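Accompanying notes for the structure given below.
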Amino acid sequence: MTEPLLRVRDLKTYFVTEQGSGTARAVDGVSFDVYPGETLGVVGESGCGKTVTSLSILRLIPEPPGHIRPGSFIEFEGRNLLTLAPKELRAVRGNRIAMIFQEPMTSLNPVFTVGHQIAEAAIVHQSLSRRAARARAIEMLTLVGIPDPGERVDHYPHQMSGGMRQRVMIAMALICHPQLLIADEPTTALDVTIQAQILELLDRLQRELGMAVMLITHDLGVVAGSADRVVVMYAGQVVEQASTGELFARPLHPYTEGLLASVPRLDTRVSQVRGRLHSIPGQVPAATSWPAGCRFHPRCPYAWDRCAVEEPPLLDSAGAEAGTHTVRCWLLTEPERRERHP
Amino acid sequence: MTAWLVRRLAAAIAIVFAVVTITFVLIHLAPGTPFAADDQRQVDPEVIARLRRQFGLDQPLPVQYVLYLRNLLHGELGQSFSQHRPVAAAIADAIPPTLTLAGTALVIDFALGLALGLYQAVRARRFGDIALGNVALFFNSMPTFWLGLILLLVFGQWLHVFPVGGMRDPVLCPSVTSARCLGDLLWHLTLPALTLGLVGAAATARYQRAAMLEVAGQDYVRTARAKGLRERRVLLVHALRNALLPIITLFGLAFPFLLTGAVLVERVFAWPGMGRLSVTAIFQRDYPLVTGAALVASGVVVLGSLVADVLYAVADPRIRGRGAGP
């Protein structure tokens, strides 16, 4: 297997809460790899630590109140991003690793033209002249499918729709041809039809530019359509990790199972869903007080006494090659308990 | 944009007109008259009656008002009772000193206020920020005239570093003619300009800090960082450009503050400007001079907010695009 492009090991990003009510362990020991050219989907409910994980990679967590704990390790192109000097870090940001955000409405600076904002990274990283960078910005606008790029380059963000602004964000992120694009819920704020267009655009650009994409989403439909591999997060941890096909065919963590069961499907017989869509009971606990033992056990239909006491490690699935499908669940050691459940 | 400007100008004229009317009525309703006998002087009632006739004070108030407006339309501000010369001439003499004082104070206000506010925002919640925040609160809470008196007492009376009043040395420099006299003017200017400027800068710094902190948490600032820009560029270009927008409003509001503040500060420092002129005119019941001064002051205030609105439209493309003012 090829070397991973990005290796995240035991990432812990904590926040000191305002009222001093404790430390929020938003990301608590997350490890995963991103391989060159692949799309890695990162899924989970709101509050499970997806966004904090992605921001931690480029060290965009506001400090204070946040901080990345010592012992965390994020390797990219052979260097630990967490120990880079500010100058070296800047050379990675927007150049080797780029990022697009959830809210295209607020992620663009309202007082600068989109052309200026797109060109900025090229001026900083590739030392292009203003004129050359502007020409590159127009090229990028063409690439992301914005009509009349020569005119649009001088427009301000407020003159554009949400979908167009997200295209501008993508143009801005890709102008330096990064090796890795981190897309944090890039379609959540958009209409469904626009969502599909943006995802298609990302797919096409990934193929054309040969970059890896880390796609963060709470939408399993998005993952199924775009991702090669999936990391499922819950309560600041990775709970399951597998290739997309494997995950959808054989979800092993009860949380993943619940997530898949809560996706509406056309081909499910009505008798099976009993007329209602499945939902996982309860909600993600507060990051200041994760449950002891397995963090999912208060919401888990299979939980038994061991789950409340002992925290499960990431275990290899029996049917798969080591490391290709890992699950953080005691059920893997006692699979018969799953059968006994009604 | 043009239609908007025309609308704004029409509103400005209406405001100035309203201020003139209110001032005219109020000062005439105030007890006391310009020509009256007092404890020191005995004046023949015949003389008083003649003076009142001469200046039209024997007419009913509405008639006086109409006459005043008619003269105003012809650019006539009338004759000052106390100064024995046209109101326009008295005001023309008082404007340059006030502009000098208010202009210098404005520069101190914004140069110091913006720099301190920016520094505080960058060091938010650390020692420097908290210390400066308390100093700013102190100056912000201080009435200008009282700060002026304290500065006078310390630097003028006790330390003899600065003069205790006036705008220039009456013997050596009756008017600014040489570099030495310019120095003399600056020497006289220091304390009153600092008084006004420091109090203004305290408020500006507090606004600037808040605006900068608000903007620093915005998504587009994170975007700028994610692009790999230097922290200096992130803060001074991406954040500051947006944080300056609310400051423009403050700039518009600074005009009236400097004018009203200047009234008291000019009085304290015996500065021969509009403020001192207005106060003296009010005490003398010099009706035309009071109304004339109010006319000029309201004109400046209205102009200030008009300038702020135009600046706003220039600085914020969202407003420019819509072609309308806030």
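Using a 1.4 Å probe on protein heavy atoms, which residues of the stretch B:204-234 have at least 30 Å² less accessible area in the complex than alone? SASA drop of 30 Å² or more in the stretch B:204-234: B:219, B:220, B:222, B:223, B:225, B:226, B:227, B:228, B:229, B:230, B:233. Using a loss threshold of 30 Å², tell me which positions in the stretch B:288-322 are less accessible in the complex than in their chain alone. Probe radius 1.4 Å, ligands and nucleic acids ignored. Listed by number, the residues meeting the 30 Å² cut-off are B:317, B:318. Taking all protein chains together and rolling a 1.4 Å probe, residue A:219 ends up with roughly 60 Å² accessible. Note on residue B:315 and residue A:35: with the Förster distance fixed at 56 Å, the Cβ-Cβ geometry gives a FRET efficiency of about 0.75. Between residue A:126 and residue A:203, the modelled label-to-label distance comes to 2.7 nm, taking each label 7 Å out from Cα in the direction of the beta carbon. A 1.4 Å probe, protein heavy atoms only, puts the accessible area of residue B:169 near 40 Å².
The tail of the calculated P(r) for the protein assembly as shown, taken as Cα-Cα distances beyond 44 Å, holds 45 percent of the pairs.
Plainly put, chain B has a radius of gyration that is 1.06 times its Kirkwood radius, both from alpha-carbon atoms, as the Rg/Rh ratio.
In the frame of its principal axes, the stretch A:209-328 has Cα extents of 45, 39, 31 Å, reported largest first. With the helix formula -39500 (n - 2.57) applied to DSSP H stretches of n ≥ 4, chain B reaches a computed 222 nm mean residue ellipticity of -24000 deg cm²/dmol. When chain A is treated as a GNM with alpha-carbon contacts under 10 Å, the residue of A:144, A:30, A:263 showing the greatest mean-square fluctuation is A:263.
Please figure out what share of the DSSP beta bridges in the protein assembly as shown is antiparallel and state it in percent, rounded to the nearest 5.
60 percent
The value given for chain A is a Kirkwood hydrodynamic radius of 21.4 Å, derived from the mean inverse Cα-Cα separation. When the solvent-accessible area of the protein assembly as shown is split by element, carbon and sulfur atoms take up 60 percent of it, the probe being 1.4 Å. Label positions at residue B:131 and residue B:307, each projected 7 Å from the Cα along the C-beta direction, are separated by 3.5 nm. Ordering B:20, B:107 by accessible surface, largest first, gives B:107, B:20; the 1.4 Å probe counts only protein heavy atoms, with every chain in place.
Excluding ligands, DNA and RNA, what is the accessible area buried between chains B and A, summed over both sides, using a 1.4 Å probe, to the nearest 100 Å²?
Interface area, both chains combined: 2200 Å², rounded to the nearest 100.
Each eigenvalue of the Cα gyration tensor of the stretch B:254-299, multiplied by 5 and square-rooted, gives one semi-axis; in descending order these are 16, 14, 6 Å.
When N counts the residues of the stretch B:184-326, how does its alpha-carbon radius of gyration compare numerically with 2.2 N^0.38 Å, as a ratio?
That ratio works out to 1.38.
The loop-placed trypsin sites (Lys or Arg not before Pro) in the stretch B:1-107, going by DSSP, that have at most 16 neighbouring Cβ atoms within 10 Å of their Cβ come out as B:41.
Where both bridge residues fall in chain A, DSSP classifies roughly 60% of the beta bridges as antiparallel.
Helical runs (DSSP H, four residues minimum) scored at -39500 (n - 2.57) apiece and divided by the length of chain A put the mean residue ellipticity at 222 nm at -9000 deg cm²/dmol.
Panel note: contact residues of the stretch A:107-145 (accessible area lowered by at least 30 Å² against the chain on its own; 1.4 Å probe) correspond to A:107, A:109, A:110, A:111, A:112, A:120, A:124. Ordering A:128, A:36, A:113 by Cα displacement along the dipole of the stretch A:1-155 toward the positive end leaves A:128 in first place; charges were set at the Cβ atoms of Lys, Arg (+1) and Asp, Glu (-1). For residue A:50, the lysines whose Cα comes closer than 25 Å to its Cα, not counting residues fewer than 8 places off in the same chain, are A:12, B:227.
Mean-square fluctuations from a GNM of chain B, with a 10 angstrom spring cutoff on Cα atoms, peak among B:292, B:228, B:197 at B:228.
Here residue B:61 and residue B:89 are evaluated by their C-beta separation; at R0 = 35 Å the FRET efficiency comes out at 0.85.
Rounded to the nearest 5, what % of DSSP beta bridges with both residues in the stretch A:54-212 are antiparallel?
Rounded to the nearest five, the antiparallel share is 25 percent.
Cα-based values for the stretch A:115-182, radius of gyration first and Dmax second, are 11.1, 31 Å.
In a DSSP loop and with at most 10 other Cβ atoms within 10 Å, the GluC sites (Glu not before Pro) in the stretch A:273-342 are A:321.
Pick from A:103, A:151, A:200: which residue has the top mean-square fluctuation in a GNM of chain A where Cα pairs under 10 Å get a spring? Of the options given, A:151 has the highest mean-square fluctuation. For the stretch A:58-130 versus the stretch B:194-247, the inter-centroid distance based on Cα atoms is 20 Å. A run of chain A free of exposed loop cleavage sites, with trypsin sites (Lys or Arg not before Pro) counted only in DSSP states other than H, G, I, E and B and at most 15 other beta carbons within 10 Å, reaches its longest extent at A:1-264.
Taking 0.36 nm per residue of separation and subtracting the current Cα-Cα distance, fully stretching the chain between residue A:316 and residue A:16 would add 104.6 nm.
Between residue B:11 and residue B:283, the FRET efficiency from the beta-carbon distance, with R0 = 30 Å, is close to 0.35. For the stretch B:78-184, trypsin sites (Lys or Arg not before Pro) meeting the loop criterion (DSSP other than H, G, I, E, B) and having at most 16 other Cβ atoms within 10 Å: B:123, B:125, B:126. Probing with 1.4 Å while keeping every protein chain in the model, the per residue accessible area of the protein assembly as shown equals 48 Å².
The values are calculated or read from the model by the stated rules, or taken from the named source; none is laboratory data. Everything numeric in this text was worked out from a predicted model, so none of it was measured. Every residue, glycine as well, gets a Cβ built from its backbone with ideal geometry; the counts of neighbours run over all protein chains shown. Please note that ligands, DNA and RNA were not included when accessible areas were found on the heavy atoms of the full protein model with its side chains. Shrake-Rupley method; radii C 1.70, N 1.55, O 1.52, S 1.80 Å.
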